[in-house]
Structures are given as structure tokens and as C-alpha cells.
Amino acid sequence: MTTASWDKEVDVLVVGAGAGGMAAAITARIGGCSVLLAEKTDRIGGSTAISGGAVWAPLNAQTDEVGHPDSYDKVWKYMRNTVGDAAPEAMQHAFLASCAAAVAFLEQNTEVKLAARGYSPDYYPDREGAALGGRSLDPVMFDGRLLGSHFHELRDPLPEFMVLGGMMITMTDAKHLLAVTKSFTSWKEGMKLVLRFLGDRLRGYHRGTRLVLGNALAGRLFKSVLDQGIEYWLDAPLQSLEVEGGRVTGATLVRDGKPLRVRARRGVVMATGGFPWSPTLRAQLYPQPTGPWSMSPQGNVGEGITIARAAGATLGSGQFAPAFWAPVSILQKPDGTHVRYPHLVWDRAKPGLMAVNAAGRRFVNESTSYHEFVLAMYKSHETVPTLPAFLVCDSDFMERWGMGLALPGGRPREHLVRAGYLFRADTLDELAAKLGVDAAGLKESVAGFNRGAEAGQDAEFGKGSTEYNRYLGDPEQAPNACLGPLRQAPFYAVKVYAGDIGTAVGIRCNENAQALDAGGQPIPGLYAAGNDMHSVMGGQYPAPGITLGPALTFGWVAGKHLAQQTAQPPVALETA
Ligand SMILES: Cc1cc2nc3c(=O)[nH]c(=O)nc-3n(C[C@H](O)[C@H](O)[C@H](O)COP(=O)(O)OP(=O)(O)OC[C@H]3O[C@@H](n4cnc5c(N)ncnc54)[C@H](O)[C@@H]3O)c2cc1C
């Protein structure tokens, strides 16, 4: 082999342009490396661009400022009480020791800007070490116009997270929009949003350029990639790794239908976003049944993990769950395509929504985290069919909050009923028949739920019993922000499946984000970040942002470590 046989040479090749990959690429570049960022699809951003964008980075510099002084001991206690032994302690420590520094580095050196949440409880607020705010950060709104002609290369958010056919909104924006006729402040805020959006459309943008949530994070990372002059290739999937003498020396990518051999003098970072769309890996690693229910982009099929394994990398083990779960409802459109809706933070915790299995029985605290909700679906399914489960509400709830793709406030929903997404019935008996669930069970469950709602206490499952539950409830609802009765016909339901927002099993790595071989030794030249790396949370979901926090952190760790390596001499010299 000679140097001439390489089509391109760089210090660092990063595969996959999501949070993990872009953090690694930017850090390595700032550290002085030449970097190529290779992305399989025609868009930058991956799952990151369609995500909520929350970043869990405890001990970040803003924690005190937003009123939540924290300590390593306290967070560590929380990690022990949630993640426990589901991930190696050393990796959990590595994350906690670096996440604040990674965020600080990105904020000081790049376009990435995050704002710590003043109130955002960890998902198990009653466990020792939990915090009620400060640890999770949101991407600061980003002006997509700053990307110039590259704006169209940024992956669009989920249409379901936009209104008016292209305007992004946060939960706060949604609350203002729902209250425009009731409050002057909301009217003003709503008008600002709409006018900005109309201006964007008039200027010819295909969607609004006021980016929030994960799209703001991906946009900010992408802007930083551009600012650093990092070369990036779209439509350039990784095909294989080049290994010489146990060292990863480069990779073959496909570009314009042709294989191109790229030499990576210091190393390759795998950041292809895990395997949620690989039926093979799902069959091997997920509980059953499983299906095409992931919210992640469909290009995330585990190529990074599979190709790294072929080069000697190993999978992590000991995880509590193989994926980060979320209940997902699915609409089949007339053209046969599917729209998936993740029931993450909007509807489930609100007063007047309950979830049942095929026996018409409740099986879960509906306002628990999306991860816990699906864990409960699988548990219930051991005895009663619960995949799918059913979210049920009455018409008061529907008008006030909406459910899944069915929007509140009298907006059209006939098409959803016709498509078999939304079930509607004048009586609970009729609803049960339409859903194929036990009618007596459903009626008893609703009666019990309503009694609990009157008392303000859900004796069966504790809906509204934790600070996290109530955070997502209705603050105007007393005595329990998450409990209200289902009384007013028509009644509605949607089916939810055991979906995910990404995978937790991935390449086993050390504290430097280096991939480890079967003997536990680092494979020279091979790194992983994001969901290609085995999760430091071990498939537990302690708090909002526990995948993006580690993705940014270990992307930064990998980039830094690569920048500290000496470039390997050309292969031609080695083999001459
Ligand atoms: C609806 C939704 C909401 C979410 N909200 C949050 C949240 O608020 N906070 C949080 O922490 N997590 C959240 N998540 C999860 C989070 O988005 C992901 O865990 C995270 O974005 C993964 O980052 P990544 O860099 O590993 O992968 P990605 O962002 O998916 O990037 C991977 C990239 O690699 C590319 N790729 C794939 N195969 C190849 C190949 N062979 N060659 C080259 N490129 C390849 C993909 O096209 C993609 O662009 C959410 C996810 C979803 C779907």
C-alpha cells in the first residue's frame, strides 16, 4: 500500500454530522487538526436536529445563577440512585468530570449557546441527589439566516413540532399561542412569532428561520463547523474502515456512487447515531415485540457500530435498557407514508388523560417519563396485551390540550379519525369496541380514575405525585396538576407503540472515547461519540438531556484526545 492509493488525507475523519460528530469535529479542528466530516444523508443534524435539544450537563457554570447550587457528591449520588451499575462507574465519572468543561469550551469557542433551566426537575426527583433545575440546558434560539445559503442543508425539524406549516415553537411559545385571545402578553408574543415567520416566508425561506430546540443546537453546531472551515461531505456514507497492524488508519466512504479512501492520520470518530432503524440489531437487542416505531431519522441503521465491530470494537453490556424509550403514535397518510408523534412532554401529564391496556386497565402513572412509560408497557404486556397501549381522554381535554397529532381548540381532526389514528365515540362502551379493549374494564378504570381526580390523589399509580409529574401538568388545576376526570362525550383515544428516541447500546469505550477491543484495550485510531458510544447512562433516563449531554461531552473528549495525538507517519514510509 502506498500513500498514492488514498484519495484524501486528513488528521481526523468524523463520520456522522449530529451532536456527537460535530462536537468532535469542531474540537479537533480548534485543536489544530485538519478534519473531514462525512455525512450519509443530504442534510446535517441527524436526530439532534429533530430533538428537543435539552442537554443534561450538571455542574455547568450557570447552575448557581439559576438558583440551583450543585455539587459533585450530590450529582454522583443521583447517578448511583438512577444509573447505578447499568454503566461502568469510570464512564459515569468521566462524564460528570467533563460535561461542564465541554459545554464551557463550546460556549467560549463556538456558536453553541445554551441556557440553564431554572425549573426542570430530574426525572426521579424523590431520589437522593436529584435537582429541580440547573442541570439541563436549552439551546438558545438561533437565527437560521446566519447559515446563509447553507440553511437548506440543515435537517428540518419534525413537522409535528412546527405550526403554520414551518414555524418552530417551544412549550412556552405553544402556551402563548393557545392564550392569544386571553392575555395581552401572550397576544404580543404570539404576534412577534407569527410576523417573524411571515417575513421569513416572504423572503423565500422554505420554513421559519427562528430555530429553537434541537434544531437550534444542530444549527449552532453547523454554523461552528462552517466558521472553522471544516470540510464536510453530504451524501457520503461510511462503507468500511481501513485497519493496518491493529490501527484504524482511515475509511472508505462512498461519494457520487464511487468508493473513496480517506486516510485519517490521527483517527476516525464514529458518530452515526446508533441503530434504531436496524431491524437486525433491534431483533437482537430490543425486548420483543419491536417494530418500526423509532422517532430517529431512518438513516440511523447502526452502520457506525457494525463497521467498528468489524474492525475489532466491541459492544458495551450490562445496560438496563437497549434504547431510550418513548410512546409513539403513528398516522398512516393516504399516500402510505407514516407520521410518527412522540408523546414526550405535552399531553400525558395533563389532567384528564389516562392510559389503558387491552383489558381496559391502567398500567402506569401516565405522567411519568417517556422512558418509564414504555418500560411499563413492556411489563404490562407480559400478562395483558399492551403493545399498543391506548391514551384516552374526553372532549374537554381534547379541546384544551389536544392529544398527539390531534390539536386542541376546535381544530380539524376528522382526517385523523378517518385515517384510523384518532378513535372517537359517544360512549365508553363504543370506544372500547372501536379499540378492541374490554369495555367493563375500561368503564371501571375511568370510574376509578375520576374518583381519584375528585380526591386529587391517584391511589393506584400516583399520577401527579412527583415534582416532575406536576412540572408537566396544568398549574391551574387543583388540588393535583395532573388529575382531572373524563366525563364529557365524545371520548377519544390514540394507540401508542413502544417507540424510541435513540439507542443506548453501542461501542464500548474508555474515558477518552476510544473504542475498546475484546480484551478491553483501546483500538488505536478509533473513537466513538453520541449514540454510537455505549451510553454512560446504561439505558436509564435520569433527566432531560441525558443523551445530548454525553454526545457533546464525549465528542469534545474525542476531539481533544485526537488533537493531542501525533499524526501517524504516512503508510508509505511504514511499509517501504
Ligand atoms: C423527537 C426526539 C426528541 C429528542 N429530544 C432529546 C432531548 O431533548 N435531549 C436529549 O438529550 N436527547 C433527545 N433526543 C435524542 C437525541 O436526539 C439523540 O440521542 C442524539 O441526537 C444522538 O446524537 P448523535 O450525534 O449520536 O446522532 P445523530 O444526531 O442522529 O447524528 C448521526 C448522523 O450520522 C449520520 N449517519 C448515519 N449513518 C452514517 C454513515 N454510514 N455514514 C455517515 N453518516 C452516517 C446520520 O445521517 C446522522 O446525520 C431526542 C430524539 C428525538 C427523535
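Counted by Cβ distance under 14 Å from Pro292, the other residues give a net charge of +1, where Lys and Arg count +1 and Asp and Glu count -1. Qualifying GluC sites (Glu not before Pro) in region 126-231, where qualification requires a DSSP coil assignment and no more than 16 other C-beta atoms within 10 Å, comprise Glu128.
May I ask for log10 I(q)/I(0) of region 1-150 at q = 0.12 Å⁻¹, from a Debye sum over the Cα atoms as equal point scatterers with solvent left out? Calculated log10 I(q)/I(0) at the listed q: -0.64.
Of the GluC sites (Glu not before Pro) found in region 11-101, those that fall in a DSSP loop while having at most 15 other beta-carbon atoms within 10 Å are Glu65. Each distinct pair of alpha carbons in region 17-61 adds a 1/r term; the inverse of their mean, the Kirkwood radius, is 12.1 Å. One way to sum up the overall shape of region 423-479 is the equivalent ellipsoid from its Cα gyration tensor, whose semi-axes run 26, 13, 10 Å, largest first.
Considering only Cα atoms, the convex hull volume of region 221-319 works out to 146 Å³ per residue. Normalising the Debye intensity of region 309-450 to I(0), with uniform scatterers on Cα atoms only, and taking log10 at q = 0.13, 0.20 Å⁻¹ returns -0.61, -1.34. Here's the list of aspartates and glutamates a cross-link from Lys333 could span, going by alpha-carbon distance under 20 Å and ignoring same-chain residues fewer than 8 apart: Asp156, Glu160, Glu414.
Helix content alone sets the calculated 222 nm mean residue ellipticity of the chain: runs of n ≥ 4 DSSP H residues at -39500 (n - 2.57) each, divided across all residues, give -9500 deg cm²/dmol. Of the GluC sites (Glu not before Pro) in region 465-515, the ones in a loop by DSSP (not H, G, I, E or B) with at most 12 other beta carbons within 10 Å are Glu476. From the largest down, region 166-288 spans 69, 44, 26 angstrom on the principal axes of its Cα atoms. Of the residues Gly409, His206, Ala54, the one whose Cα sits farthest toward the positive end of the charge dipole of the chain, with +1 on the Cβ of Lys and Arg and -1 on the Cβ of Asp and Glu, is His206. Over 21 Å apart at the Cα level, from the set Lys74/Lys379; Lys350/Lys495; Lys113/Lys223; Lys8/Lys40; Lys188/Lys350; Lys192/Lys350, are Lys74/Lys379; Lys188/Lys350; Lys192/Lys350. What is the pair-distance distribution P(r) of region 92-201, computed from all Cα-Cα distances in 5 Å bins starting at 0, with each bin given as a whole percent? For region 92-201, the pair-distance distribution reads 2, 9, 12, 17, 17, 16, 13, 8, 4, 1. Taking only the C-alpha atoms of the chain, the Rg (one decimal) and the largest Cα-Cα distance, Dmax (whole number), read 24.0, 82 Å.
Computed from Cα atoms, the angle from the helix 19-30 axis to the main principal axis of the chain rounds to 30 degrees. A Cβ-based charge dipole, computed about the Cα centre of the chain with Lys and Arg at +1 and Asp and Glu at -1, lands at about 880 debye.
Taking the Cα atoms of region 378-441, the ratio Rg/Rh between the radius of gyration and the Kirkwood radius comes to 1.00.
All of the numbers you see were taken from the coordinates with simple rules; none came from a lab. Here the structure is a predicted model, which is why all the values come from computation and not from measurement. Virtual Cβ from ideal backbone geometry, glycine too; neighbours counted across all protein chains shown.
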